[in-house]
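Here the structure comes first, spelled out in structure tokens, and everything after it is commentary.
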Amino acid sequence: MSLPTEAPPDYEGNYLGMPDSEPYNIEAEQAVIGAILLNAEAFEKVKDRLTEQKFYEKSHRTIYKAMCDVYDSKAPIDVVTVSAELQDQEKIDSIGGVSYLSRLANSVPTASSVAHYADIVLDMSLRRESLVIVRELEKHARLEQNVAGFVALAEKRISKLTAENKPPKAFVAIKDALYQVFDQTEDKYNNRHIKRGITGLPSGLTDLDKMTAGFQKSDLIIIAARPSVGKTAFALNIAQHVGVRAKETVAIFSLEMSADQLVQRMISSEGNIDGEKLKTGFFEPDDWGKMTNAIGILAEANIMIDDTPGITVGEIRMKCRELKKEKGLGLILIDYLQLIRGNGRSGENRQQEVSEISRTLKEIARELEVPVIALSQLSRGVEQRQDKRP
């Protein structure tokens, strides 16, 4: 069971398969399976990380799947039970027979290194998956006319690969968490008169801030209302306060209004100017001064607006990552949730798409450690009822 001599080792001593072929390490796959057959407890160390698809060799995928089936049946995993399972599935001959299982079990001196070998198998699998993505992207790069569509596809594929291969997060000892909470509480106490109990981003609305203590990092906040009741104006006032008064960078994704329309609303709010006057141009003499003053204040704010219609949640994630690297990021505002374009997977209805989009927005909030405010449309059907409340 030695490795092919033609297979060149990489800088870590792993083997990347034959030249111009898929990356793999047969010996590591054999060691994982052999360790489990030697000591069934080794399966507990890898079962939540390894699936049969992670193995390169087809016979190893078959054996590992049989091990999973034996485990699910509450039977001990060993050469006898795995052989019986493969015989029941009529696959024992395809993997080299009982003799191959016995050789695997006898080839490993100890099962203690199973996690190390599993890491190698996962690493090889990740490289193979990466090559599949690279080839797919190369194909689309040659054929795709829409550059934005290609970028969105690349972001989607890479994000999926990253999520699926994210290393497991270690436990946090309660002692460490206690010290952190104590330090945070001490800081809040020392600044209680300055921040007045606001531990997150202030909205500028006193009663709301009292209830929320400000918008907290990693929160996804949904502002839902029927059409044309003022939710966009409400959310813009919050974004404006965060950008102008709190001096934080704000990313606004406007899928319904253009950037000009949003800025016009902001000028109206900041300068206390009648919105109709801005639309029609029928200014009073003092309105010009108000407008000039409002523009001067807003120009100093780090408010970034993206008015791409039909933007995808993947594009939102990518742009916010870049913005945080370049300018920092304090708040993300999206107007509105139902206009974000889904991934368009076949068999998935719009309700499922919106649920998936919402879940991804929560992931963005946690990943970037910023509050995300998303507006959402409620049905007008409530207007037909005697009681108009949603």
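Details
- Most mobile of T81, T249, T280 in a GNM of the chain (Cα contacts under 10 Å): T280
- Per-peptide average of other Cβ atoms within 10 Å, ordering 259-268, 367-376 highest first: 367-376, 259-268
- Given their separation in residues at 0.36 nm each and the Cα-Cα distance between them, F282 and K47 gain 77.5 nm when the chain is fully extended.
- Each residue of segment 112-124 was assigned a 3J(HN,Hα) from its phi angle through the Karplus curve 6.51 cos²θ - 1.76 cosθ + 1.60 (θ = phi - 60°); the sequence is 5, 9, 4, 5, 5, 5, 5, 4, 5, 4, 5, 4, 5 Hz, with glycine and proline shown as x.
- Candidates Y189, Y117, Y56, ranked by Gaussian network fluctuation over the chain, Cα under 10 Å, top entry: Y189
- Compared with the alpha-carbon gap, the fully stretched path from H193 to E326 is longer by 44.6 nm at 0.36 nm per residue.
- Distant-in-sequence amide H partners of T308 (H built 1.01 Å from N, under 5 Å): S254
- Most fluctuating residue given options S59, S254, S130, as computed from a GNM of the chain linking Cα atoms under 10 Å: S59
- Fraction of antiparallel bridges per DSSP, segment 200-384 only, in percent to nearest 5: 5
- Gain upon complete extension [D274, S258; 0.36 nm per residue less C-alpha separation]: 3.8 nm
- Other-chain or far-sequence residues with amide H under 5 Å of Y336's (modelled H): L255, E256
- What the Cβ-Cβ distance of I295 and R366 gives, at R0 = 25 Å and to the nearest 0.05, is a FRET efficiency of 0.10.
- Summed residue charge, Cβ within 13 Å of D209's Cβ, Lys/Arg positive, Asp/Glu negative: +3
- Angle in degrees between helix 259-271 and the longest Cα principal axis of the chain, rounded to the nearest 10: 50
- Whole-Å distance, taken between Cα centres, linking segment 307-339 and segment 32-54: 41
- Spatially, segment 201-267 and segment 85-159 are offset by 45 Å when compared through their Cα centroids.
- Using a Förster distance of 51 Å, the FRET efficiency for H116-R142 (Cβ separation, nearest 0.05): 0.80
- Database remark: amide H of S218 closer than 5 angstrom to the amide H of E369, V370 (H placed geometrically; neighbours at sequence offset of 5 or more, or on other chains; Pro and chain starts carry no H).
- Cα gyration tensor of segment 207-246 - equivalent ellipsoid semi-axes, whole Å, descending: 19, 14, 10
- Per-residue ³J(HN,Hα) for segment 46-58, Karplus 6.51 cos²θ - 1.76 cosθ + 1.60, θ = phi - 60°, Hz, x for Gly and Pro: 10, 4, 7, 10, 9, 10, 4, 5, 6, 8, 7, 6, 4
- HN-Hα J in Hz across segment 322-333 - Karplus 6.51, -1.76, 1.60, θ = phi - 60°, x for Gly and Pro: 5, 5, 5, 5, 7, 10, x, 7, x, 7, 10, 10
We did not get these values from a lab; they are worked out from the coordinates using the rules stated. Given the structure is predicted, the values throughout are model-derived calculations rather than measurements. With ideal geometry, Cβ positions are generated from the backbone for all residues, glycine too; neighbour counts draw on all protein chains shown.
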